[in-house]
1. In the stretch 384-419, which residues are free of Cβ contacts under 8 Å to residues at least 24 places away in the same chain and more than 26 Å from the chain's Cα centre (by Cα)?
2. Give the residue that is farthest from D315 (Cα to Cα), with candidates limited to residues of the stretch 337-365 that are of a type in the set (S, T, Y) and at pLDDT below 75.
3. Could you grab me the full set of residues in the stretch 242-271 that are at pLDDT 85 or above and charged (D, E, K, R)?
4. Give the residue that is nearest to the chain's Cα centre (by Cα), with candidates limited to residues of the stretch 367-382 that are among the charged types (D, E, K, R) and closer than 11 Å to R168 by Cβ.
5. Confirm whether E301 is surrounded by fewer than 21 Cβ atoms within 10 Å (Cβ to Cβ), closer than 24 Å to T366 by Cβ and free of Cβ contacts under 8 Å to residues at least 12 places away in the same chain.
6. So is S329 modelled with pLDDT of 85 or more and part of a helix (DSSP H, G or I) or not?
7. Quick one: which residue in E426, E445 is exposed (fewer than 14 other Cβ atoms within 10 Å of the Cβ), of a type in the set (D, E, K, R) and over 31 Å from the mean Cα position of the chain (by Cα)?
8. Mind listing whichever residues of the stretch 33-81 are surrounded by fewer than 19 Cβ atoms within 10 Å (Cβ to Cβ), touching a residue at least 12 places away in the same chain (Cβ under 8 Å) and at positive phi?
Amino acid sequence: MTMKDDDDDDEDIVWKGVRTVTDRHTDDPWAKHVGWYVATIDGEDHTFSLLSDALRAYDSFVVSTKGFKTKKEHLNLPGDWDKLFRDKAKGEKHKLEIEELEERHDKEMEKLREKAEADQESAVRMAVVKEERKVREVQHKIKIEYKEQSKKEMEKLKRQYEQENVRRLEEVVRAEKQKLKPRYQVGEEVYAAWWPDDKKKDEQPLWYPGRVKSYRDKRVGTKGVGEYGVVRLYKVVYTDDGTEQDNIPEHFVFPKEDYLLSTSNIIHHEWKGVRNVVDKASEDVWASLIGYYVAIIDGKEQSFPRLSEALQAYDASIAKRKGDKTKQSDLNIPENWGWLLTPNAPAPPTVEELMEELHETRLKITEQEKMCVKSLEEKHDTEKELAVKAALAEERRRTQDMKRKLRKELTVFHENEMKRARQMFEGDKTNAIEMALLNARKEQELSLEKQRGDLEQHFNYEKDKAMQFVKLETRQQLKSEMQAEFNNLKNEIEKEIEQRLRTEYSLPPPPKRAKVSLSLIPRSAFGVSSPKPTEQKGKENMPEGDSLLTPQSEKSSAEDEAQI
């Protein structure tokens, strides 16, 4: 079998996927000159006797493969597929409708997104407003709590201040009381008690004059410094024999002048305008046994640590008030006022000088009191300032911690609200888009499924039709081949029988007959051009006109004569 040569390419038509096949080695003129058609379908060659069947089979395969992507230039017979292209146009129209629907859906989704964003912004604003309201409420609550706490702190500070004032007054009173106890300096003349062989508890002491050599302080009871100050122990050198006595308690030591006034001949030691005050409840032995002295001066009581000072102050006030009318009986120590009581006596210091001296002494004492009070106030103010600063710092730190905590909680709540709103919006948007795409996809899939079913039905119909054609052609070809073989066998048998008969009966040979054969007569013999069919792989040409099978006599000079 050979394929036809491409002698006249300019006059051939190129078919897609179909080629013509002829067999030049056969005696069959149809197979030798006309041939059959082979269509390449899905990589396999299928044989067809009719060109139209081969073309339709190939077109059906192309349409089943490409579907709606098939174009007219892909087919050999596009006219057979007008319905496909109409469906394709409908599909494109449907696609345009889907695109328009998607565009409309996108616009709707854009509107929904804008609305969702507006709702989200509104929700965020509302959340922010609510949070601001909560913050204001919390701030107001904190302010109220801070005011209440500040009020409590102020009350506490006020109580502390009042307690401090009481303590300071107590300290002032204690300082005043401490001033009431006489303090003897080294070298001062005193009268001190003396015990033989240091028997201070077994025997009553004797009193001798002496001078203070040294002293030391010790605590009183379990409270440390008592309300009248520390207890002082003295070391005294007695002036009569030069002996020394150590650790003499302060209540066994008296100023020389006070001792002499106390041991004078005055009956029962009753002094005018001066009295001795002792504190029986005090732990201080000096305060409970010796005590201090109070003088009434100008109708007011004044305290003095020494008897001589109280008596002199009282006598000075009487002399100042009565002047020349002062009597000896009005005074406690008239010896000091002899110049006033004796007219010719030398003038002692005047009352003004004495009062000035007393005033200076009082000023010194007042200055010392002021310095002590100022020192105590400064110490108290410093402690109070430190306490207030510490309380304010603690309150400020607690307020800052609470603000940071509230700010952190507000930030976390705001972020959670924003995240939840964003998730809700994204979820709604995603669900709407997925729903719209799902609906469009379902519609498109239904349409494509319907078209695919139609195409598969049409292709199956065409395929069945082509297969029927192939079976019919194959059957006819086999029948023709069997008929030809049968005729050949019959001719051979007839020839053999005839030969045998002639041999057996000595018959003369048969006369020669003219041979008649069928050959292709081109249309040019009739004035019409007819191209030769050629084979091209994948593309076949179909002649515009059909070839004519015409009988042609092939006679030789010997064959034209009939022998008898």
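The values are calculated or read from the model by the stated rules, or taken from the named source; none is laboratory data. This structure is a prediction, so every number in the text was calculated from the model and none was measured. Positions of Cβ are generated from backbone atoms using ideal geometry, with glycine treated the same way; all protein chains shown enter the neighbour counts. Heads up: the accessible areas ignore ligands, DNA and RNA and are worked out on the full protein's heavy atoms, side chains in. Shrake-Rupley method; radii C 1.70, N 1.55, O 1.52, S 1.80 Å.
1. Scanning the stretch 384-419 gives E385, L386, K389, A390, L392, A393, E394, R396.
2. Narrowing the stretch 337-365 to residues of a type in the set (S, T, Y): 342, 350, 361.
Those still in the list that are at pLDDT below 75 too: 342, 350.
Working: T342: 16, T350: 13 Å.
Top of the filtered list is T342.
3. E244, D246, E250, K256, E257, D258
4. Just the residues of the stretch 367-382 that are among the charged types (D, E, K, R), to begin with: 367, 369-370, 374, 377-379, 381.
Subset that is closer than 11 Å to R168 by Cβ: 377, 379, 381.
Numbers: E377: 53, K379: 50, D381: 48 Å.
Per the stated criteria, the residue is D381.
5. Values: surrounded by fewer than 21 Cβ atoms within 10 Å (Cβ to Cβ): yes; closer than 24 Å to T366 by Cβ: yes; free of Cβ contacts under 8 Å to residues at least 12 places away in the same chain: yes.
Here the answer is yes, as E301 does meet what is asked.
6. Values: modelled with pLDDT of 85 or more: no; part of a helix (DSSP H, G or I): yes.
For S329, the condition - modelled with pLDDT of 85 or more and part of a helix (DSSP H, G or I) - is not met.
7. On the way: E426 fails: over 31 Å from the mean Cα position of the chain (by Cα).
Exactly one of E426, E445 is exposed (fewer than 14 other Cβ atoms within 10 Å of the Cβ), of a type in the set (D, E, K, R) and over 31 Å from the mean Cα position of the chain (by Cα), namely E445.
8. If the condition is that a residue be surrounded by fewer than 19 Cβ atoms within 10 Å (Cβ to Cβ), touching a residue at least 12 places away in the same chain (Cβ under 8 Å) and at positive phi, then D42, G67 are the ones that fit.
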